[in-house]
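Engineer: Take a look at this one; I'll ask things after.
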Amino acid sequence: MELGAAARLNWAQYLYQFPLGVFAIALATAIFPTLSADALDTNQEKFLSGLRRGIRVTLWEALPASVGLILVARPAVQLLFERGNFKPADTEWVTLSVQMYAIGIAAFSLNQILSRAFYAMHDTITPLNMAIVTLVVNLIVELPLIFTRLKEAGMAVGTTVSFFVQIALMLWLLHRRLGALGLRSIGIYVCKLAIATIAMAAACVMIKKLSFFPRDLSKSTALLRLGMLITTGATVYFGICFILGVNELWHKSVEEVHQRR
């Protein structure tokens, strides 16, 4: 790889880890005590219910975060990093790596929930084995790719692919151990999220074509472009989710009100 590739990859990791740290890891940490308590309960359905809710809430945030980060990667990189020795050419490479990482945000986020489900059942071996599988798959995928036009972005592709493999295996193992995870209902829920996410992406693409959207893609307009895309995307996504009845934060607040009553 070229000189500076490792640093560029490190900057890309900062951006894709932002939604993980703000939401996914925080959610997994908050839900872990409940999962641990429910795992000791003889009523297995209670544990499954909490796990399903964790998966649903995670996907509610992760899917739009994934697509949204792909759409805003370039102005975000320009605004945050492009200065001094960080040149426009570096922006292009970091943007590509960010987008490759962003594809896997849903897998990265689900890993936080599913790993804690195993820990809640006092199973520390399975997450360890899954980490080994992830490492092996990562190396198999990324080593050939870094010699292609992707260069260091190939490492981001390897990370993304390996986590999707890990999530698939963890879901399969949980299904074998616990029985029905309700994947069909989760699948229907994901379809609704996909509709909202596609609408969000379409709105962002359309606003880019409007006359008032900056045509200058330099750093000077990065903040304006980023603000317009985030505002448009968030408004459309939350609006469609509300219409479809899949706004998890709204449902959570309603449940809390009923519990207090």
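Engineer: Any idea what angle helix 44-81 forms with the longest principal axis of the chain, computed on alpha-carbon atoms, 0 to 90 degrees, nearest 10?
Structural biologist: Here the helix axis deviates by roughly 10 degrees.
Engineer: With labels modelled as points extended 7 Å from the Cα through the Cβ direction, what inter-label distance (nm, one decimal) is found for Leu3 paired with His122?
Structural biologist: 5.7 nm
Engineer: Moving on. What FRET efficiency would be calculated for the residue pair Ile146, Val22, taking the C-beta separation as r and a Förster radius of 35 Å, to the nearest 0.05?
Structural biologist: That pair, Ile146 with Val22, gives E of 0.75.
Engineer: Stretched out fully, how many nm does the piece from Ala202 to Ser218 gain, at 0.36 nm a residue minus the Cα gap?
Structural biologist: Between Ala202 and Ser218, full extension yields 3.5 nm more.
Engineer: Sorted from fewest to most neighbouring beta carbons within 10 Å, what does the list Asp123, Asp216 look like?
Structural biologist: Fewest to most other Cβ atoms nearby, the residues stand as Asp216, Asp123.
Engineer: Which of the lysines could a cross-linker bridge to Lys151, judged by Cα under 28 Å and excluding same-chain residues fewer than eight apart?
Structural biologist: Lys151 reaches Lys87, Lys219.
Engineer: State the Cα centre-to-centre distance between region 166-201 and region 24-81 in whole Å.
Structural biologist: After rounding, the separation between the Cα centres reads 12 Å.
Engineer: In addition: Looking at the square roots a ≥ b ≥ c of the eigenvalues of the Cα gyration tensor of the chain, which shape do they give, rounded for a/c under 1.5, prolate if a/b is larger than b/c, or oblate?
Structural biologist: In terms of gyration-tensor shape, oblate.
Engineer: Identify which of Leu210, Leu145, Leu128 has the largest mean-square fluctuation in a Gaussian network model of the chain, with springs joining Cα atoms closer than 10 Å.
Structural biologist: Maximum among the listed residues: Leu210.
Engineer: Order these by the 10 Å Cβ neighbour count, fewest first: Ile125, Ile55, Ile198.
Structural biologist: Ile125, Ile198, Ile55
Engineer: In which sequence would Val246, Val67 go, from the one with the fewest C-beta neighbours within 10 Å to the one with the most?
Structural biologist: With the fewest neighbours first, Val246, Val67 line up as Val246, Val67.
Here, each number is a calculation from the coordinates, and none is a lab measurement. Given the structure is predicted, the values throughout are model-derived calculations rather than measurements. A quick note on method: Cβ atoms are made from the backbone with ideal geometry, for glycine too, and the neighbour counts reach across all protein chains shown.
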